[in-house]
């Protein structure tokens with residue numbers, strides 16, 4: 001089975017599963033389970049339990065970048081694994097100095113490569129308005145790219161992914177385009193269509209205005225609601 005479930009995003013799918021500003025996904029690739037980001041607090045664990053997803057049996061956690069709405073759940077994950085007397089492998093950008101947390105062990109993207117035959121990681125980076133570098137990891141599973149927030153720019157991320165795996169046709173994640181103009185959104189949609197993207201699942205940090213431009217460019221578009229599961 002190849003699918004992912006939305007644990008945390010900005011869009012609520014049902015009242016029992018709250019939404020928040022942040023992102024966390026439970027990705028299943030055949031016999032490999034990965035959590036991608038942990039949201040802002042322990043909500044991802046609450047929602048995973050409600051959805052009966054086996055968090056304690058995951059192979060690893062991948063952190064896209066070190067903003068609070070993506071790493072805020074790490075202390076709660078630490079407690080969760082500590083109580084179970086287990087260790088969780090956490091893959092994050094090399095530049096991120098992960099705080100020492102019990103039961104969590106920082107690993108590099110090379111570890112992910114060695115232990116995951118069905119998925120790959122790419123790293124891109126940018127500099128924010130304050131001059132700070134943001135390194136960002138994305139997961140490629142099959143022909144689907146999972147993007148945390150898109151700080152690096154979706155153009156660079158897609159180009160890097162294509163160089164890594166040859167082809168992708170689906171993107172699930174954040175596009176960091178809340179302040180983009182209509183012309184910019186249209187240009188991005190056209191770029192994606194030109195690169196062979198057939199389907200986009202919009203998650204955290206993405207404007208709903210993007211939907212029309214994607215559909216006008218011939219790309220199937222869905223909104224990723226908390227609690228929903230999508231095949232990949």
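All of the numbers you see were taken from the coordinates with simple rules; none came from a lab. These numbers come from a predicted model, not from an experiment. Glycine also receives a Cβ, built like all others from the backbone with ideal geometry; neighbour counts cover every protein chain displayed.
Sort out for me the Cα centre separation of the stretch 74-93 from the stretch 152-224, rounded to whole Å.
32 Å
Taking the chain as a Gaussian network, Cα atoms linked when under 10 Å apart, which of 109, 60, 181 shows the biggest mean-square fluctuation?
181
What angle, in degrees between 0 and 90 and rounded to the nearest 10, separates the Cα long axis of helix 182-194 from the longest principal axis of the Cα atoms of the chain?
80 degrees
Mind running the shape call on the stretch 1-122? Use the C-alpha gyration tensor, a ≥ b ≥ c as the square roots of the eigenvalues: rounded below 1.5 for a/c, prolate if a/b tops b/c, oblate otherwise.
Working: a/c = 1.42, a/b = 1.23, b/c = 1.16.
Rounded, because the longest to shortest axis ratio a/c is under 1.5.
Roughly what % of DSSP beta bridges within the stretch 113-200 run antiparallel, to the nearest 5? Show your work: numbers first, answer last.
On the way: 12 of 18 bridges.
The antiparallel fraction comes to roughly 65 percent.
If I take R0 = 30 Å and measure r between the Cβ atoms of residue 30 and residue 220 in this structure, what FRET efficiency does the formula 1/(1 + (r/R0)^6) give, to the nearest 0.05?
Numbers: r = 24 Å, r/R0 = 0.80.
So the FRET efficiency works out to roughly 0.80.
Subtracting the Cα-Cα distance from 0.36 nm times the residue separation, let me have the gained length for residue 50 to residue 110 in nm, one decimal. Spell out each step's value before the answer.
On the way: separation 60, 0.36 × 60 = 21.60 nm, distance 3.26 nm.
Result: 18.3 nm gained on full extension.
In nm, to one decimal, how far is the modelled label at residue 2 from the one at residue 83, with both set 7 Å along Cα→Cβ?
Here the modelled spin labels are 3.5 nm apart.
Grab the Cα-Cα distance for residue 187 and residue 133, subtract it from 0.36 nm times how many residues apart they are, and report the gain in nm with one decimal.
Full extension from residue 187 to residue 133 adds 16.9 nm.
Relative to 2.2 N^0.38 Å, what does the C-alpha radius of gyration of the stretch 62-188 come to as a ratio? Two decimals please.
Details: Rg = 15.8 Å, N = 127, 2.2 N^0.38 = 13.9 Å.
In units of the 2.2 N^0.38 Å rule of thumb, it is 1.14.
Arrange 136, 220 by Cβ neighbour counts within 10 Å, fewest through most, would you? List each step's numbers first, then the result.
Working: 136 26, 220 12.
Placing the least packed residue first, the sequence is 220, 136.
Going by the alpha-carbon gyration tensor, a ≥ b ≥ c the square roots of its eigenvalues, is the stretch 2-231 rounded (a/c under 1.5) or, if a/c is not under 1.5, prolate (a/b greater than b/c) versus oblate?
prolate
Among 175, 11, what is the fewest-to-most ranking by other Cβ atoms within 10 Å? Write down the numbers at each step before the final one.
Numbers: 175 25, 11 17.
Least to most surrounded, the residues fall as 11, 175.
Using a Gaussian network model of the chain with C-alpha springs under 10 Å, which one of 18, 100, 75 is most mobile by mean-square fluctuation?
100
Counting DSSP beta bridges with both partners in the chain, what percentage is antiparallel, nearest 5?
On the way: 27 of 49 bridges.
Bridges in the chain that DSSP calls antiparallel: roughly 55 percent.
How do 107, 14, 212 rank when sorted from fewest to most other Cβ atoms within 10 Å of their own Cβ? It would help to have the intermediate numbers written out before the result.
Working: 107 19, 14 11, 212 14.
In order of increasing Cβ crowding within 10 Å: 14, 212, 107.
I want to check the label-to-label distance for residue 163 and residue 68. Put each point 7 Å from Cα in the C-beta direction and report it in nm to one decimal.
Placing both labels 7 Å along Cα→Cβ, they lie 3.5 nm apart.
Would you work out the Kirkwood radius for the stretch 37-94? I mean one over the mean of 1/r across all pairs of different Cα atoms, in Å. Mind showing how you got there, number by number?
Numbers: mean 1/r = 0.0863 Å⁻¹.
Taking every pair of different Cα atoms in the stretch 37-94, averaging 1/r and inverting gives 11.6 Å.
Please report the equivalent ellipsoid semi-axes of the stretch 183-232, computed as sqrt(5 x eigenvalue) of the Cα gyration tensor, largest first, in whole Å.
Values: eigenvalues 74, 34, 12 Å².
Equivalent ellipsoid semi-axes, largest first: 19, 13, 8 Å.
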